[in-house]
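The values are calculated or read from the model by the stated rules, or taken from the named source; none is laboratory data. These figures come from a predicted structure and were not determined experimentally. Neighbour counts run over all protein chains shown; Cβ positions are idealised from the backbone, glycine included.
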Amino acid sequence: MIFHRSILAAQLLTLLILLPLGMKSYAQGNEPIQPDASGPLEGFAEASWGMSYELLREKFLSLATDPSVDEEIEILYEKKDSLLLIKRNGIQYLYRFYKTPEIVKDARPKTKSPNPEMDPAIESQTEYRENGILFSVGVLFNFVESERILEKLEMKYGKPKKQALDDKKIGGAAVWELVDRREDPPRGGYILMWREPYKKNPYTRRVDYFSLTIRNMIAKEYKEFFSVQETKTLRDLIR
(Lines give C-alpha, C1' and ligand atoms only; values in the text may rest on other atoms or scores of the structure.)
Protein backbone atom coordinates (compact mmCIF):
# COMPACT_ATOMS: atom_id res chain seq x y z
CA MET A 1 0.00 0.00 0.00
CA ILE A 2 1.47 3.33 -1.10
CA PHE A 3 0.48 6.70 0.39
CA HIS A 4 1.17 9.73 -1.78
CA ARG A 5 1.76 13.28 -0.60
CA SER A 6 -1.46 14.36 -2.31
CA ILE A 7 -3.43 12.07 0.02
CA LEU A 8 -1.77 13.61 3.07
CA ALA A 9 -2.42 17.11 1.74
CA ALA A 10 -6.10 16.23 1.22
CA GLN A 11 -6.35 14.89 4.77
CA LEU A 12 -4.84 18.08 6.19
CA LEU A 13 -7.13 20.24 4.05
CA THR A 14 -10.18 18.27 5.23
CA LEU A 15 -9.02 18.68 8.81
CA LEU A 16 -8.68 22.46 8.47
CA ILE A 17 -12.04 22.88 6.67
CA LEU A 18 -14.28 20.58 8.70
CA LEU A 19 -12.96 21.57 12.12
CA PRO A 20 -13.32 25.31 12.55
CA LEU A 21 -15.04 24.56 15.53
CA GLY A 22 -5.05 9.71 29.94
CA MET A 23 -5.94 6.75 27.91
CA LYS A 24 -5.22 3.08 27.41
CA SER A 25 -7.32 0.42 25.71
CA TYR A 26 -6.86 -2.82 23.80
CA ALA A 27 -8.65 -4.42 20.87
CA GLN A 28 -10.90 -7.34 21.65
CA GLY A 29 -11.48 -9.79 18.82
CA ASN A 30 -11.98 -7.85 15.60
CA GLU A 31 -13.58 -4.81 17.24
CA PRO A 32 -11.72 -1.56 16.55
CA ILE A 33 -10.00 0.07 19.52
CA GLN A 34 -11.76 3.18 20.81
CA PRO A 35 -10.35 5.81 23.16
CA ASP A 36 -11.70 6.29 26.67
CA ALA A 37 -14.88 8.36 26.52
CA SER A 38 -14.23 10.33 29.71
CA GLY A 39 -12.94 13.89 29.33
CA PRO A 40 -11.22 15.50 26.33
CA LEU A 41 -9.67 13.42 23.56
CA GLU A 42 -5.97 13.46 24.47
CA GLY A 43 -4.74 10.67 22.24
CA PHE A 44 -5.64 7.21 21.00
CA ALA A 45 -5.13 3.99 22.99
CA GLU A 46 -1.43 3.79 23.97
CA ALA A 47 -0.55 6.90 21.95
CA SER A 48 -0.89 10.47 23.23
CA TRP A 49 -1.03 13.48 20.92
CA GLY A 50 2.42 14.85 20.23
CA MET A 51 4.16 11.49 20.73
CA SER A 52 7.17 11.16 18.43
CA TYR A 53 7.26 8.82 15.46
CA GLU A 54 10.27 6.93 16.82
CA LEU A 55 8.75 6.41 20.27
CA LEU A 56 5.45 5.11 18.92
CA ARG A 57 7.18 2.84 16.41
CA GLU A 58 9.30 1.32 19.18
CA LYS A 59 6.18 0.84 21.30
CA PHE A 60 4.49 -1.20 18.56
CA LEU A 61 7.61 -3.24 17.92
CA SER A 62 7.74 -4.02 21.64
CA LEU A 63 4.06 -5.03 21.74
CA ALA A 64 4.44 -7.18 18.62
CA THR A 65 7.32 -9.15 20.15
CA ASP A 66 6.02 -9.35 23.73
CA PRO A 67 4.88 -12.96 24.41
CA SER A 68 2.55 -11.77 27.18
CA VAL A 69 0.51 -9.65 24.73
CA ASP A 70 -2.33 -11.76 23.34
CA GLU A 71 -2.78 -9.75 20.14
CA GLU A 72 -1.72 -9.96 16.51
CA ILE A 73 0.21 -6.75 15.76
CA GLU A 74 2.07 -6.00 12.54
CA ILE A 75 3.59 -2.88 10.97
CA LEU A 76 2.30 -2.93 7.37
CA TYR A 77 3.82 0.34 6.17
CA GLU A 78 6.03 3.05 7.58
CA LYS A 79 7.33 6.39 6.39
CA LYS A 80 9.63 8.11 8.85
CA ASP A 81 8.08 11.11 10.63
CA SER A 82 4.97 10.80 8.47
CA LEU A 83 3.00 7.53 8.62
CA LEU A 84 2.70 4.25 10.49
CA LEU A 85 0.15 1.71 9.26
CA ILE A 86 -0.51 -0.90 11.94
CA LYS A 87 -2.61 -4.04 11.57
CA ARG A 88 -3.98 -5.08 14.93
CA ASN A 89 -6.31 -8.08 15.25
CA GLY A 90 -7.51 -7.63 11.67
CA ILE A 91 -8.16 -3.87 11.96
CA GLN A 92 -5.84 -1.29 10.36
CA TYR A 93 -4.76 1.86 12.20
CA LEU A 94 -3.13 4.70 10.29
CA TYR A 95 -1.03 6.90 12.60
CA ARG A 96 -0.29 10.29 11.04
CA PHE A 97 2.61 12.52 12.10
CA TYR A 98 3.43 16.14 11.38
CA LYS A 99 6.61 18.20 11.40
CA THR A 100 7.25 21.82 10.50
CA PRO A 101 7.89 22.28 6.75
CA GLU A 102 11.53 23.11 6.01
CA ILE A 103 10.60 26.33 4.20
CA VAL A 104 8.79 27.58 7.34
CA LYS A 105 11.62 26.52 9.64
CA ASP A 106 14.21 28.30 7.48
CA ALA A 107 12.15 31.51 7.37
CA ARG A 108 11.72 31.80 11.14
CA PRO A 109 13.97 33.84 13.43
CA LYS A 110 16.93 31.81 14.63
CA THR A 111 17.49 31.55 18.38
CA LYS A 112 20.77 30.75 20.13
CA SER A 113 19.35 27.64 21.77
CA PRO A 114 16.38 26.37 19.73
CA ASN A 115 14.13 23.91 21.51
CA PRO A 116 11.96 22.04 18.97
CA GLU A 117 10.12 20.19 21.75
CA MET A 118 8.37 23.27 23.17
CA ASP A 119 4.59 23.45 23.42
CA PRO A 120 3.19 24.02 19.89
CA ALA A 121 0.10 25.76 21.29
CA ILE A 122 2.00 28.90 22.35
CA GLU A 123 1.19 31.57 19.76
CA SER A 124 4.41 33.60 20.14
CA GLN A 125 6.68 30.58 19.89
CA THR A 126 9.19 30.63 17.03
CA GLU A 127 10.50 27.11 17.60
CA TYR A 128 9.64 24.27 15.24
CA ARG A 129 8.92 20.55 15.20
CA GLU A 130 12.01 18.93 13.73
CA ASN A 131 10.68 15.36 14.11
CA GLY A 132 7.24 13.97 13.31
CA ILE A 133 4.68 14.18 16.13
CA LEU A 134 1.38 12.30 16.28
CA PHE A 135 -1.64 14.44 15.38
CA SER A 136 -4.17 11.94 14.02
CA VAL A 137 -5.18 8.27 13.91
CA GLY A 138 -7.40 6.72 11.25
CA VAL A 139 -9.23 3.44 11.95
CA LEU A 140 -9.79 1.43 8.74
CA PHE A 141 -12.10 -1.57 8.47
CA ASN A 142 -14.48 -3.33 6.08
CA PHE A 143 -17.73 -1.58 5.14
CA VAL A 144 -20.27 -1.42 7.99
CA GLU A 145 -23.68 0.28 7.87
CA SER A 146 -23.11 3.88 8.97
CA GLU A 147 -26.04 3.79 11.40
CA ARG A 148 -24.42 0.94 13.34
CA ILE A 149 -21.15 2.87 13.71
CA LEU A 150 -23.05 6.08 14.53
CA GLU A 151 -25.04 4.30 17.24
CA LYS A 152 -21.86 2.95 18.88
CA LEU A 153 -20.15 6.35 18.81
CA GLU A 154 -23.24 8.11 20.16
CA MET A 155 -23.44 5.65 23.05
CA LYS A 156 -19.84 6.50 23.92
CA TYR A 157 -19.62 10.23 23.11
CA GLY A 158 -23.21 11.49 22.73
CA LYS A 159 -24.71 13.17 19.67
CA PRO A 160 -22.22 14.54 17.10
CA LYS A 161 -21.63 18.29 17.15
CA LYS A 162 -22.02 18.55 13.40
CA GLN A 163 -23.09 16.43 10.43
CA ALA A 164 -22.22 17.30 6.84
CA LEU A 165 -24.16 15.32 4.22
CA ASP A 166 -24.29 15.41 0.43
CA ASP A 167 -27.44 16.24 -1.53
CA LYS A 168 -28.60 12.62 -1.42
CA LYS A 169 -27.93 12.46 2.36
CA ILE A 170 -25.75 9.39 1.87
CA GLY A 171 -22.14 10.58 1.74
CA GLY A 172 -20.57 12.94 4.23
CA ALA A 173 -19.25 12.95 7.80
CA ALA A 174 -20.31 13.25 11.43
CA VAL A 175 -18.06 15.27 13.77
CA TRP A 176 -17.65 14.94 17.55
CA GLU A 177 -15.83 17.61 19.55
CA LEU A 178 -14.19 16.29 22.72
CA VAL A 179 -12.52 19.44 23.99
CA ASP A 180 -11.98 21.03 27.38
CA ARG A 181 -12.36 24.77 26.70
CA ARG A 182 -11.94 25.73 30.34
CA GLU A 183 -8.20 25.57 29.78
CA ASP A 184 -6.16 28.09 27.81
CA PRO A 185 -5.37 26.94 25.23
CA PRO A 186 -8.20 24.37 25.01
CA ARG A 187 -7.12 20.73 24.88
CA GLY A 188 -8.68 17.62 23.42
CA GLY A 189 -9.61 16.58 19.92
CA TYR A 190 -12.19 15.65 17.32
CA ILE A 191 -13.66 12.46 15.84
CA LEU A 192 -14.83 12.20 12.23
CA MET A 193 -17.02 9.31 11.09
CA TRP A 194 -17.10 9.14 7.31
CA ARG A 195 -20.18 8.05 5.30
CA GLU A 196 -19.75 6.60 1.80
CA PRO A 197 -22.41 5.49 -0.70
CA TYR A 198 -22.40 1.72 -1.10
CA LYS A 199 -25.28 -0.22 -2.66
CA LYS A 200 -27.26 3.06 -2.56
CA ASN A 201 -26.97 3.24 1.24
CA PRO A 202 -24.57 5.00 3.66
CA TYR A 203 -21.71 2.79 4.83
CA THR A 204 -18.62 3.54 6.90
CA ARG A 205 -15.14 2.08 6.62
CA ARG A 206 -13.10 4.81 8.31
CA VAL A 207 -13.16 6.83 11.53
CA ASP A 208 -10.53 9.53 12.14
CA TYR A 209 -9.31 10.99 15.44
CA PHE A 210 -7.53 14.39 15.48
CA SER A 211 -5.67 16.48 18.05
CA LEU A 212 -7.06 19.99 18.58
CA THR A 213 -3.77 21.55 19.75
CA ILE A 214 -1.70 20.16 16.88
CA ARG A 215 -4.50 20.89 14.40
CA ASN A 216 -4.26 24.54 15.45
CA MET A 217 -0.48 24.42 15.09
CA ILE A 218 -0.83 22.93 11.59
CA ALA A 219 -3.32 25.62 10.59
CA LYS A 220 -0.97 28.35 11.83
CA GLU A 221 2.05 26.84 10.07
CA TYR A 222 0.18 26.26 6.81
CA LYS A 223 -0.83 29.92 6.83
CA GLU A 224 2.80 30.77 7.47
CA PHE A 225 3.89 28.31 4.76
CA PHE A 226 1.79 30.00 2.06
CA SER A 227 2.94 33.44 3.26
CA VAL A 228 6.57 32.34 2.93
CA GLN A 229 5.88 30.86 -0.51
CA GLU A 230 4.31 34.13 -1.72
CA THR A 231 7.21 36.19 -0.33
CA LYS A 232 9.73 33.89 -1.95
CA THR A 233 7.94 34.10 -5.33
CA LEU A 234 7.80 37.90 -5.22
CA ARG A 235 11.49 38.06 -4.25
CA ASP A 236 12.37 35.81 -7.19
CA LEU A 237 10.34 37.98 -9.59
CA ILE A 238 12.12 41.23 -8.70
CA ARG A 239 15.64 39.84 -8.75
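Every listed requirement among (1) loosely packed, with under 13 Cβ neighbours inside 10 Å; (2) of a type in the set (V, I, T); (3) modelled with pLDDT of 90 or more is met by V137 save one, (1). Could you go through segment 64-75 and let me know if any residue there is modelled with pLDDT under 85, surrounded by 18 or more Cβ atoms within 10 Å (Cβ to Cβ) and over 20 Å from R129 (Cα atoms). There is no residue in segment 64-75 that is modelled with pLDDT under 85, surrounded by 18 or more Cβ atoms within 10 Å (Cβ to Cβ) and over 20 Å from R129 (Cα atoms).
The residues in segment 176-228 that are under 28 Å from K152 (Cα atoms) and of a type in the set (A, V, I, L, M) can be counted, and the count is 8. With the condition kept exactly as written, say whether any residue in segment 209-218 is in contact with a helix residue (DSSP H, G or I) (Cβ under 7 Å, 6 or more places away or on another chain), under 23 Å from F44 (Cβ atoms), modelled with pLDDT under 85 and assigned to a helix (DSSP H, G or I). Yes - at least one qualifying residue is present in segment 209-218.
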